[in-house]
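The structure appears below as structure tokens.
The values are calculated or read from the model by the stated rules, or taken from the named source; none is laboratory data. Keep in mind that this is a model prediction, so the values were computed, not measured. Positions of Cβ are generated from backbone atoms using ideal geometry, with glycine treated the same way; all protein chains shown enter the neighbour counts.
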Amino acid sequence: MTSALVIGALALATIAGAWAFQWAGYLPCDLCLEQRYAYYFGVPLALLIVAAAAAKAPRVVLEVGFALLAAIFLYNAGLAIYHSGVEAKLWAGPTACTGSGLAGGGGGDLLKQLQTVRVVRCDEVSLRVLGLSLANWNIAISAALAALAAASALRRGR
């Protein structure tokens, strides 16, 4: 139960930090928003595991919950690696947020799009904290949460 509380608290602190940066004016790109889904699913799932443990649910229920948490955050670490590579220009990112998504009909359509659409680019770092982009930080945080969840799933006993 303690590890589920730790996972839930760390995940909640992480997403709250992302919201705080957004509130401060650092708008998220599409890949940033996609990386948030792990936290939106992970926090409630961690709380469900806490509740299941408190209700003395069978160990297999807790193991499945922790395995799901591990999978969610492992996927998110991979997504953050992809985003970090896009930021570093190691590979192309989604056209919707790397600047090549605005195209189309004639010049008039493009001009109209430019006046009405605010594209937050996935291939540009808008904020670094201690030298790392938020996608870089998300690699470490998601990998740590995945490792803790996997270790909890594999641990025998309560």
>> Being farther than 18 Å from TRP137 by Cα, buried (at least 17 other Cβ atoms within 10 Å of the Cβ) and without any contact (Cβ under 8 Å) to a residue 40 or more places away in the chain narrows it down to one residue among ALA92, ALA52; which is it?
In response: ALA52
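Can you name the residue in the range 120-143 that is under 15 Å from the mean Cα position of the chain (by Cα) and free of Cβ contacts under 8 Å to residues at least 60 places away in the same chain and is also nearest to LEU69 (Cα to Cα) among such residues?
In the first step, residues of the range 120-143 are kept if they are under 15 Å from the mean Cα position of the chain (by Cα); the result is 122, 133-143.
Applying the additional criterion that residues be free of Cβ contacts under 8 Å to residues at least 60 places away in the same chain yields 133, 136-137, 140.
Working: SER133: 24, ASN136: 20, TRP137: 18, ALA140: 15 Å.
Ranking the qualifying residues of the range 120-143, first place goes to ALA140.
Residue by residue, here is whether (1) more than 30 Å from ALA57 (Cα to Cα); (2) hydroxyl-bearing (Ser, Thr, Tyr); (3) surrounded by 13 or more Cβ atoms within 10 Å (Cβ to Cβ) holds:
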| position | (1), (2), (3) |
| --- | --- |
| ARG121 | yes, no, yes |
| SER126 | yes, yes, yes |
| GLY131 | yes, no, no |
| ALA135 | yes, no, yes |
| ASN138 | yes, no, yes |
| ALA143 | no, no, yes |
| ALA146 | no, no, yes |
> Considering only residues of the range 22-46 that are surrounded by fewer than 17 Cβ atoms within 10 Å (Cβ to Cβ) and over 11 Å from the mean Cα position of the chain (by Cα), which is modelled with the highest pLDDT?
Replying inline: PRO44
>> Here are the criteria: (1) modelled with pLDDT of 95 or more; (2) under 30 Å from ARG59 (Cβ atoms). Tell me which single one ILE81 does not satisfy.
In response: (2)
>> What's the total number of residues in the range 19-36 that are without any contact (Cβ under 8 Å) to a residue 12 or more places away in the chain and in a helix (DSSP H, G or I)?
In response: 5
